[in-house]
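Okay, so here's the structure we're looking at.
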């Protein structure tokens with residue numbers, strides 16, 4: 001792989017990891033780097049998960065095998081954790097509260 005191709009692969013992998021890290025923080029699975037606390041924002045997490053999904057769709061067939069593996073692995077793990085987060089939020093909230101949370105309450109997991 002030529003130098004420029006390696007650099008571009010590294011940049012793409014960093015982009016994937018940056019978007020995924022934001023989703024992990026918003027899922028409450030990692031500490032917020034600003035507050036140091038674990039905070040959950042399922043609507044925000046879904047935004048980053050959907051962004052990674054769009055990136056996958058728009059770059060299909062044009063990524064290296066390493067980029068593809070990283071993207072697919074992160075998306076799968078994030079989607080599974082998002083659904084778990086939705087279930088936990090619905091279980092912990094009183095009846096009718098789900099409608100008040102807007103995008104967090106969406107029962108449909110991010111598109112694959």
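No value in this document is a laboratory result; all are computed from the given coordinates. All values derive from a computational prediction rather than experimental measurement. All Cβ positions, glycine included, derive from the backbone under ideal geometry; neighbour counts span all protein chains shown.
Neighbour counting of Cβ atoms within 10 Å sorts the residues 41, 92, fewest neighbours leading, into 92, 41. Cβ crowding within 10 Å ranks 83, 34 as 34, 83, fewest other Cβ atoms first. Taking the Cα-to-Cβ direction at residue 37 and at residue 5 and moving 7 Å from each Cα, how far apart do the two end points lie in nm? Here the modelled spin labels are 4.8 nm apart.
Just rank 13, 18, fewest to most, by other beta-carbon atoms within 10 angstrom. Provide the component values of the computation, followed by the final result.
Details: 13 17, 18 10.
The order, fewest Cβ neighbours first, is 18, 13.
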